[in-house]
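Everything below concerns the one structure shown next.
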Amino acid sequence: MSQYLLSVHGGHESAAAMDPETMQTMFADVEVFNESVRQAGAWVYANGLMPAETATVVDASKGDTVITDGPYLETKEHIGGFWIIDVADLDAALAWAVKGSVACRGAVEVRPFQSDAPAPTETT
Amino acid sequence: MSESVDIVSIGRIFREEYGRSIATLIRTFGDIDIAEEAVQEAFVEAAKRWPKSGLPPNPGAWITTTARNRAIDRIRRESTRHDRYVAAARLDPGDEPPVPVGPVNDDRLRLIFTCCHPALATATQVALTLRLLGGLETGEIAQAFLVSESTIAQRIVRAKAKITANNIPYRIPSDHELLDRLKPVLIVIYLIFNEGYTATGGTDLVRDDLCTEAIRLGRLLGQLMPDEPEAAGLLALMLLTASRRPARVDAAGEIVLLADQDRSLWDRALIDEGQSIVRASLRRNQPGPYQIQAAINAVHSDAPSAAETEWGQVLALYDMLIRIDANPVVALNRAVALAELDGADVALAAVDVLGLDVYHVFHATRAELLMRLGRAADAAAAFERALALTANEPERRFYATAIARAVTRDRR
């Protein structure tokens, strides 16, 4: 089994631009999708993120600690949320990404982890 | 029974057997680098041994067995205890045998689907397919596509890293995903063929080695997936196109257009093979873009001359193709048939709306139609545009001659 990060770009983040009804449908679709991931035993973790302007960057790698208000990358598209899934191979991960992309109305980047994290004992 | 074995015959065996051995070793060891190194070592060994001992009864099997032993030696020599444990698990003959999930259980078919995995960029798919299944050196691939050797080498290294990091599976896609996954495989093979048939740059119009390799891969795919009509269609398309190869360039190395070709030079064996595949496709009646393009080429290969071509049939096939694949290049080719049936003015009107401004064949087609309509000055300008857009030297000379012809006619 391999673990993958499925990160959402331009979906949740642009949710502010959605009308409330569309947003409700999206949240409902994502919940249905999440449930199917749990049912399939592929679930490790997932969550949505608060908007990127709430982020803070800390850099202590060059000696002094520098704290900056705002996201690391100056870009319009930030990660809006992510799933971590545990599946057989990339084909399985891509198949989940297709469904996730439809549910969250955004592009999904699939990226493998270096090693597998232990799956949580409790799927909350 | 030591038959003479020289470097040429070892080279031939290398071409024929490399892909098969690599594919089998990748399945056994789950690692492309180990497989490549071991197969190369086995061929080095063969080059030393065979000239003295003669060819073994089954050279391909000899290579695969020798390579497997080399790989096992290497893994035992170099691995830590943990790695040894993991590798031993793989090597254990009690290990579950490969489970056939697709129509045919062949390691090369697995490998081509891995090489053409949609998570890899098209240029990477092409390089990886030629490297692993075709056994081409990175230098040869670089030369064929006019990019630097380091670019190709990097592309292949990155692809292997991506396959490993992502756990890209080594298997034939299951039936429900097969149609989608077959598409990039066909595209890669056809790209290799087209790059060989009309090189994008350089001194020669044609690179026969790439055409030969693409047809070889097409045949392999046809054998491995006999029930895929589009795989057969692609093979027929390549065979029928390649049949005109001897007539496409004259003795001086200049391009000869389809209408002006000496049709007695066409390769009858390739035509017969291609046409019989097209007939089988018609009986099967599951048309797709490659089969239809093959059928169009079959119509041309039936005609004793350009004038005697069944243009009505060609046009009907293009109409069918456009319904499946509405792409402007198809519409451009359709316009050529339209010109024969309804006149150059009708065809020109159809071409002008296509917006293929960066494609040299678009301007060349316009130019030919303008010439027929007696608009020589406009034709010269269109040939100029075509000339500016290609780096292939025979094509450039062809357009230069056409410009001179148009200018002369304009002055009369």
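Each reported figure results from applying straightforward, stated rules to the coordinates on display, with no laboratory input. If you're wondering where the values come from, they're calculated on a predicted model, not measured in any experiment. Cβ placement follows ideal geometry from the backbone for every residue including glycine, while neighbour counts extend to all protein chains displayed.
Of the residues A:Gly70, A:Gly48, A:Gly100, the one that moves most in a GNM of chain A with alpha-carbon contacts below 10 Å is A:Gly70.
Dipole of the protein assembly as shown computed with +1 at Lys/Arg Cβ and -1 at Asp/Glu Cβ about the Cα centre; of B:Ser305, B:Gly54, A:Tyr72, farthest Cα towards the positive end is B:Gly54. Between 0 and 90 degrees, the angle of helix B:393-411 with respect to the longest Cα principal axis of chain B falls at about 0 degrees. If I take every Cα pair under 8 Å that is 6 or more residues apart in segment A:37-86, average their sequence separation and divide by the length, what percent do I get for the relative contact order? Dividing the mean separation by the residue count of segment A:37-86 yields 49 percent. Relative to the dominant Cα principal axis of chain B, helix B:311-324 is inclined by about 50°. Determine the shape class of segment B:295-412: with a ≥ b ≥ c the square roots of the Cα gyration tensor eigenvalues, call it rounded for a/c under 1.5, and otherwise prolate if a/b is greater than b/c, oblate otherwise. Judged from the Cα gyration tensor, segment B:295-412 comes out prolate (a/c at least 1.5, a/b above b/c). The charge dipole of the protein assembly as shown, taken about its Cα centre with unit charges on the Cβ of Lys, Arg, Asp and Glu (plus for the first two, minus for the last two), comes to roughly 1380 debye. Taking a ≥ b ≥ c as the square roots of the eigenvalues of the Cα gyration tensor of segment A:28-103, is the shape rounded (a/c under 1.5), prolate (a/b larger than b/c) or oblate? Prolate, because a/c is 1.5 or more and a/b exceeds b/c.
A cut-off under 15 angstrom between Cβ atoms defines the neighbours of B:Ile156, and their net charge, with Lys, Arg +1 and Asp, Glu -1, is -2. Taking every C-alpha pair closer than 8 Å and separated by at least 6 residues, the mean separation divided by the residue count of segment B:294-412 gives a relative contact order of 16 percent. Think of each Lys and Arg Cβ as +1 and each Asp and Glu Cβ as -1; about the Cα centre, that makes the dipole of segment A:1-63 roughly 360 debye.
Largest mean-square fluctuation among B:Leu239, B:Leu373, B:Leu270, in a Gaussian network model of chain B whose springs join Cα atoms under 10 Å apart, belongs to B:Leu373. Taking Lys and Arg as +1 and Asp and Glu as -1, the other residues whose beta-carbon sits under 10 Å from that of B:Leu258 total +2. Farthest toward the positive end of the dipole of the protein assembly as shown, out of B:Thr151, A:Val8, B:Ser9, is the Cα of B:Ser9, where the dipole comes from beta carbon charges about the Cα centre. The calculated FRET efficiency for B:Ala252 paired with A:Tyr72, based on their beta-carbon distance and R0 = 56 Å, is about 0.35. Shielding by partners for peptide B:158-166, expressed as the average number of C-beta atoms from other protein chains within 10 Å of each residue's C-beta, is 2. Dimensions of chain B based on its C-alpha atoms, expressed as ranges along the principal axes with the largest first, amount to 84, 44, 44 Å.
Residues B:Ser301, B:Ser264 in ascending order of nearby Cβ atoms (within 10 Å, fewest first): B:Ser264, B:Ser301.
Output the 0 to 90 degree angle, nearest 10, between the alpha-carbon long axis of helix B:360-372 and the longest principal axis computed from the alpha carbons of chain B. Long axis of B:360-372 versus the principal axis of chain B: about 20 degrees. With a/c under 1.5 counting as rounded, go ahead and sort the protein assembly as shown into rounded, prolate or oblate using the C-alpha gyration tensor (a ≥ b ≥ c being the square roots of the eigenvalues; past the cut-off, prolate if a/b is larger than b/c, else oblate). Verdict is oblate for the protein assembly as shown.
When Cβ neighbours within 10 Å are restricted to other protein chains, what is their mean count per residue of peptide B:236-248? Partner-chain Cβ atoms within 10 Å, mean over residues of B:236-248: 0. For chain A, the relative contact order comes to 49 percent (Cα pairs under 8 Å, sequence separation of at least 6).
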